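The block underneath contains the structure these notes are about, expressed in structure tokens.
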Amino acid sequence: PTPDRVRVTLFNWLGQDLRGLHCRDLFAGSGVLGFEAASRGAASVTLVERSRRVFQTLQRNAAALDGTSSNAPPGATSGEPRLRLVCGDALEFAPPAGKRFDLLLLDPPYGQDWLARIAPRLDMLATPAARLYVEAEAPLHTLGRWTVVKQGQAGQVFFHLLEPTAHES
């Protein structure tokens with residue numbers, strides 16, 4: 001799980017007000033990052049978790065917060081709640097109706113090469129100006145078209161904020 005001080009740092013980097021942003025947490029786990037984004041006013045937060053056991057915990061955590069979670073099917077677009085839970089694989093889950101996100105939260109299991117596998121799909125998931133938050137077992141410099149703009153380390157965890165790489169004309 002993301003340590004408390006790392007979570008505080010992340011939301012200091014992002015700003016305290018996330019109103020209007022659409023967020024996706026592709027490796028949600030307990031949901032702490034997505035729930036924090038929702039509490040800071042994100043327009044929508046989609047949490048994706050593949051483990052059925054962990055997903056059940058995610059559901060309980062969401063229900064304990066305010067009961068606004070949903071297991072809406074991937075194609076559902078109208079009347080979606082602000083907080084949406086999906087039990088599925090981060091690589092297989094496609095945005096509903098081509099929806100893209102302003103903030104992607106990536107804290108995949110270590111030692112399984114998830115970041116390299118998800119990188120080719122980031123453009124499909126992210127808006128052109130999207131920011132990424134990435135936790136990894138080693139420091140990053142880039143991921144896809146995104147470049148690290150802020151980073152830190154807490155014990156064995158390296159955490160990064162990435163923004164789209166500026167292209168020179």
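The values are calculated or read from the model by the stated rules, or taken from the named source; none is laboratory data. From a predicted model like this one, the values you see are computed outputs, not experimental measurements. Cβ: placed from backbone, ideal geometry, glycine included. Neighbour counts: every protein chain shown. Remember, those area values only see protein heavy atoms, side chains included, never the ligands or the DNA or RNA. Shrake-Rupley method; radii C 1.70, N 1.55, O 1.52, S 1.80 Å.
Out of everything in region 131-145 that is free of Cβ contacts under 8 Å to residues at least 24 places away in the same chain and under 11 Å from LEU161 (Cα atoms), what residue ends up being surrounded by the fewest Cβ atoms within 10 Å (Cβ to Cβ)?
Checked region 131-145; the qualifying residue surrounded by the fewest Cβ atoms within 10 Å (Cβ to Cβ) is HIS141.
How many residues does region 1-25 contain that are assigned to a loop (DSSP other than H, G, I, E, B), touching a residue at least 40 places away in the same chain (Cβ under 8 Å) and touching a helix residue (DSSP H, G or I) at 6+ places or on another chain (Cβ under 7 Å)?
2
Looking at ALA116, is it within 14 Å of GLY144 (Cβ to Cβ), of a type in the set (Gly, Ala, Ser) and either open to solvent by 30 Å² or more (accessible area, probe 1.4 Å) or in a loop (DSSP other than H, G, I, E, B) (or both)?
yes
Can you tell me how many residues in region 26-59 are touching a residue at least 24 places away in the same chain (Cβ under 8 Å), out of contact with any Cys (no Cβ under 8 Å at 6 or more places or on another chain) and in a loop (DSSP other than H, G, I, E, B)?
Here the count works out to 9.
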